[in-house]
Structure formats: C-alpha cells, structure tokens
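Each remark here refers to the structure printed beneath this line.
The values are calculated or read from the model by the stated rules, or taken from the named source; none is laboratory data. Source: prediction; values computed, not measured. Here the Cβ positions follow ideal geometry from the backbone for every residue, glycine too, while neighbour counts run over all protein chains shown.
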Amino acid sequence: MVVFIDVPLEQLLERLQKRELDRFEREDRAFFERIFTGFHTMAASDPTRWLIVDGTPPKEELAATILTQVCERLKITLS
C-alpha cells in the first residue's frame, strides 16, 4: 500500500518556503507540477494499491485519518 498525502500544489509551495530546503525542494515550479501530476496519475491508475488522503487538515487530524483508513483497508482492528 502506498499512502499519498495529497496537498494542493500552492499549499505545498507555501510550506516549502517556511523551511530550509534540500536540493530537490529548491527546484522550480515546473518540476513540482510534473511531480504532482505524476503522483496523481500513478494513484489513479492503481487505486487498490494507492490510498489518497487529503493533506490539508492539521497534522493530528491527518495522522488519525491515515491510521483509520489504513486499518480499514488492511482490515485491522486496533484495541
């Protein structure tokens, strides 16, 4: 299973401006548009393998959503 945390490109670029960047993160907007499109294409082509999660909520809510959806997908019950 691949968990794809989907964040709108504009929001992603804003987040990157707030931290020290590595060499990939210093690439131009066109690079990120290609990556963004590529991941969406891969996720759409194999929805049984990819779990797409909205990455816009706060971290705590996002983590809870991912945990819930992964458990549902894998039929795991947490006690």
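Across the range 30-60, the qualifying residues are those that are modelled with pLDDT under 95 and loosely packed, with under 10 Cβ neighbours inside 10 Å, and the one among them that is farthest from the chain's Cα centre (by Cα) is Ala30.
Here the range 43-79 is the region considered, the condition is being in contact (Cβ under 8 Å) with a residue 12 or more places away in the chain and part of a helix (DSSP H, G or I), and the residue that is nearest to Val7 (Cα to Cα) is Leu62.
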